[in-house]
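J.: Just passing along the structure, written as structure tokens.
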Amino acid sequence: MRGIEETFDVSKDLLNITEREVSLLDQEVSNGEGWTSYSRGQIVKPTVFKNKLSGLFYEHFHEFAVEIQVNGAEISYRCSCGKNGSMCKHVVALLYCWINDYDGFTNISYSIEEFKKKNKEELLEILTRIFIKDPQNIHLVGGVDPLDDDIDDADGMFN
Ligand SMILES: [Zn+2]
């Protein structure tokens, strides 16, 4: 049985994916390499959020970012390996990871519930870490662009 943390807020579509379906995809797109890669532990830092999976795939000092979204029986995906349009073994490996190691996925919905219990200082500390790791994330929370004319108004200079 899957634990509450692992399945909390996870879409049924994602929970319904079977090993057989993933195995068929593997044969179809990567000639079994998806399974081999998964078995070698090449997927790290996997996350789940509602109907989305993400993870990093390590290979020969390269790192690929994999994202998968499931709607009904339809699986859409994105991978930074650049194999445009067609599914790659990195995507298949993340699916194998989900089927076999769901309890190793960080459930973002569950994490958000945990954030709700934190105080302002703790949340600010978390935000700071996020912005230091990837400064571009500032734009997700309405960061002010210094090249934007609006900044003059924000300063109250023209009021
Ligand atoms: Zn790929």
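The values are calculated or read from the model by the stated rules, or taken from the named source; none is laboratory data. Keep in mind that what you see is a predicted model, and the values were worked out from it rather than measured. Every residue, glycine as well, gets a Cβ built from its backbone with ideal geometry; the counts of neighbours run over all protein chains shown.
J.: Which condition number does Ile112 fail, the rest of (1) in a helix (DSSP H, G or I); (2) within 14 Å of the ligand (Cβ to nearest atom) being met?
T.: (2)
J.: Also: Could you grab me the full set of residues in the stretch 63-73 that are more than 9 Å from the ligand (Cβ to nearest atom) and buried (at least 16 other Cβ atoms within 10 Å of the Cβ)?
T.: Glu67, Ile68, Gln69, Val70
J.: Considering each of Asn16, Asn51 in turn, give the residue that is free of Cβ contacts under 8 Å to residues at least 40 places away in the same chain and outside the structural domain of Ile130 (by TED's automatic domain parsing).
T.: None of the other options fit; the residue is Asn16.
J.: Need pairs with beta-carbon distance below 7 Å; first residue more than 9 Å from the ligand (Cβ to nearest atom) and within the stretch 74-91, second modelled with pLDDT under 95; sequence gap 6+ or separate chains.
T.: Listed pairs, sorted by first residue: Ser86/Val29.
J.: I need every pair where a residue in the stretch 108-122 that is of a type outside the set (Asp, Glu) has its Cβ under 6 Å from the Cβ of a residue that is in a helix (DSSP H, G or I), sequence separation at least 6 or different chains.
T.: Tyr110/Glu5
J.: Do we have Leu56 as within 24 Å of Thr18 (Cα to Cα), within 14 Å of the ligand (Cβ to nearest atom) and in contact with a helix residue (DSSP H, G or I) (Cβ under 6 Å, 6 or more places away or on another chain) here?
T.: Considered against the rule, which asks whether it is within 24 Å of Thr18 (Cα to Cα), within 14 Å of the ligand (Cβ to nearest atom) and in contact with a helix residue (DSSP H, G or I) (Cβ under 6 Å, 6 or more places away or on another chain), Leu56 comes out as no.
J.: If you don't mind, another one. Could you list, in sequence order, the residues of the stretch 82-113 that are over 18 Å from the mean Cα position of the chain (by Cα) and either exposed (fewer than 14 other Cβ atoms within 10 Å of the Cβ) or at pLDDT 95 or above (or both)?
T.: Asn84, Gly85, Ser86
J.: What's the number of the only condition in (1) polar (S, T, N, Q); (2) assigned to a helix (DSSP H, G or I); (3) more than 23 Å from Ile130 (Cα to Cα) that Ser76 fails to meet?
T.: (2)
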